[in-house]
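Notes follow once the structure below has been shown.
Values quoted throughout were computed directly from the atomic coordinates according to the rules given, and no laboratory measurement underlies them. Keep in mind that this is a model prediction, so the values were computed, not measured. Neighbour counts run over all protein chains shown; Cβ positions are idealised from the backbone, glycine included.
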Amino acid sequence: MIKIETLNNHNVESIREDFPILNRKVHGNRLVYLDNAATSQKPASVISTINEFYSTCNANIHRGVYQMSEEATGRYVEAHRKVARFINARSYKEIVFVRNATEAINLIAYSWGRENVKAGDIILLTEMEHHSNLVPWQLLAKEQGASLEFISVDKNGLLDPEDIKNRIDGRIKLVAVTHMSNVLGTINPVKLITKFAHDNGALMLIDAAQTVPHCPVDVQEIDCDFMAFSGHKMLAPNGIGVLYTKREILEDMKPFIGGGDMILEVKLRESKWNELPWKFEAGTPTIAEGIALGKAIDYLKDLGMESIKSYERQIVSYAMERLSKIDGIEIYGPPPELRGGLVSFNLADIHPHDIATVLDYDGIAIRAGHQCAQPLHERLGISASARASFYFYNTMEEVDKLVNSLYKAKNLFGT
Ligand code: C6P
């Protein structure tokens, strides 16, 4: 067992004290939460922000001229500013709050896609996309008479650079790629792919649901046009997500949902749209959740995104080293230096659901199934996998518990 590290001078043991849920027991055992790619746990500061907002400041925003509404509005706008600084957007006007990454991608497919993708055009994706970065494009392509093409995944779980180069085609209107696969852990060269997209006259969308919570992300450096991610995977509550879009593109886009708050002026037969980003935030938004996302960002910044990234790399390296010694295990995806903090595997012929059930009795939570990436599983020649995904509050001892429990599963199933 390796000694627990520190993150930016924060000891992981003391970090864990910030997360009340990590003290709970499951089937009599201390919870070992290894399903962070599905959703992260929440620190006390985020939980209490929700409580504090409803106890002291609850009012609708952008409407009231009374003090509390102005306070709520100011805090909600500030949360947009915090997100903008966190991913280095030029302005908070490029930050639209949505429910989650899925909604962010759908917003682009409906608003930008229906105006800009026409019959005969191509949307270029990869074989490793989460359903959220696939199904919206299937819907759009069918409606507009466009087609989908896919950059292939090689046997190491990487995007094939040759395949990317061979795709040069003026009919490509959009390239939409995951920054990190939620199954393989592969971190994709999104800056390079963005350049490739722009050289072809296409726009670039990045599904950053699995990277913004775990490593530094700089939208200006990457130069992508759109980026989507979810608050709940980065310490914030459910129901708050982010769509980043370059301002000039957002200015040109039609609203996705019409109604209150997204308008400047309404007449019986026509309306004028509100300024950015409110033009894309119709109706009363998730105000407390947005403010709590700002608090989650404060927490992450305090730890430091570089520190989080390197700590998770240590954990995943240790996990892969230990897991690879289990007889009959098959691990998917690239080596630790090319991936983020998760590892998917199959163990002999035990169904992943059975593995997850055995682990659950030891208090260990992992994900099992197709992980919302059925085409990738098909590409790998499997129908399901088990996945352990880490965050900065996980420890090397928890990896040891995972490995011990997997040996137990092997014994139980006689493999
Ligand atoms: N993946 C997982 O267990 P939402 O549900 O909208 O917050 O996030 C969707 C999404 C989009 N892209 C990627 C790469 C993702 O991993 C996810 C969510 C979770 O892998 C839940 S299926």
Quiz prompt | For the stretch 92-122 versus the stretch 310-366, the gap between their alpha-carbon centres in whole angstrom | solution = 34 Å
Quiz item: Per 5 Å bin, what percent of the C-alpha pairs of the stretch 1-131 does each bin hold, from zero upward?
Solution: 2, 7, 9, 13, 15, 14, 14, 11, 8, 5, 2, 0
Quiz item: What is the Rg over Rh value, at two decimals, for the stretch 56-149, using alpha-carbon atoms and the Kirkwood definition of Rh?
Solution: 1.14
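Which order do the peptides 152-162, 210-220, 351-361 take when ranked by the mean count of other beta-carbon atoms within 10 Å per residue, highest first? Can you show the working numbers first?
On the way: 152-162: 15.8, 210-220: 21.7, 351-361: 17.7.
Answer by packing, highest mean first, reads 210-220, 351-361, 152-162.
If the viscosity is 1.567 mPa s and the temperature 4 °C, what translational diffusion coefficient in µm²/s does Stokes-Einstein give for the chain when Rh comes from Kirkwood over Cα pairs? Please list the in-between numbers first.
Values: Rh = 22.4 Å.
Result for D is 58 µm²/s.
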Quiz item: Under 5 Å between amide H atoms, partner at least 5 residues away or on a different chain: which partners does Trp273 have, H built in plane at 1.01 Å?
Solution: Leu264
Quiz item: By the scheme Lys and Arg +1, Asp and Glu -1, what is the net charge of all other residues having a beta-carbon under 10 Å from that of Gly328?
Solution: -2
Practice problem: Can you check what the net charge comes to around Asp362, using other residues whose Cβ is under 15 Å from the Cβ of Asp362 (Lys, Arg +1; Asp, Glu -1)? | Solution: 0
Quiz prompt | Taking the stretch 261-412 and dividing mean pair separation by its residue count, relative contact order in percent (alpha carbons under 8 Å, at least six apart) | solution = 19 percent
Quiz item: With the dipole of the chain worked out from charges on the C-beta (+1 for Lys and Arg, -1 for Asp and Glu) around the Cα centre, which of Leu184, Leu338, Ser14 lies farthest toward the positive end?
Solution: Ser14
Quiz prompt | For the stretch 255-270, Karplus couplings with θ = phi - 60° (6.51, -1.76, 1.60), whole Hz, Gly/Pro x | solution = x, 8, 10, x, x, x, 6, 9, 10, 9, 8, 10, 10, 4, 10, 7
Quiz item: Cα extents of the stretch 1-54 along the three principal axes, largest first, in whole Å?
Solution: 44, 34, 21
Quiz item: What is the Cα centroid distance between the stretch 23-55 and the stretch 368-415, reported in whole angstrom?
Solution: 22 Å
Quiz prompt | Too-long pairs where the Cα-Cα distance tops 28 Å, listed order kept, from Lys118/Lys267; Lys82/Lys173; Lys118/Lys279; Lys42/Lys401 | solution = Lys118/Lys267; Lys82/Lys173
Practice problem: Rounded to the nearest 500, what is the 222 nm mean residue ellipticity of the chain from helices alone, with -39500 (n - 2.57) per DSSP H run of 4+ residues and division by all residues? | Solution: -11000 deg cm²/dmol
Quiz item: With contacts defined as alpha carbon pairs under 8 Å and 6 or more residues apart, what's the relative contact order of the stretch 48-301 in percent?
Solution: 24 percent
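Within the stretch 1-68, list the trypsin sites (Lys or Arg not before Pro) lying in a DSSP loop whose Cβ has at most 16 other Cβ atoms in a 10 Å radius.
Lys3, Arg24, Arg63
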Quiz item: Equivalent-ellipsoid semi-axes (√(5λ), Cα gyration tensor) for the stretch 300-405, whole Å, largest first?
Solution: 23, 16, 13
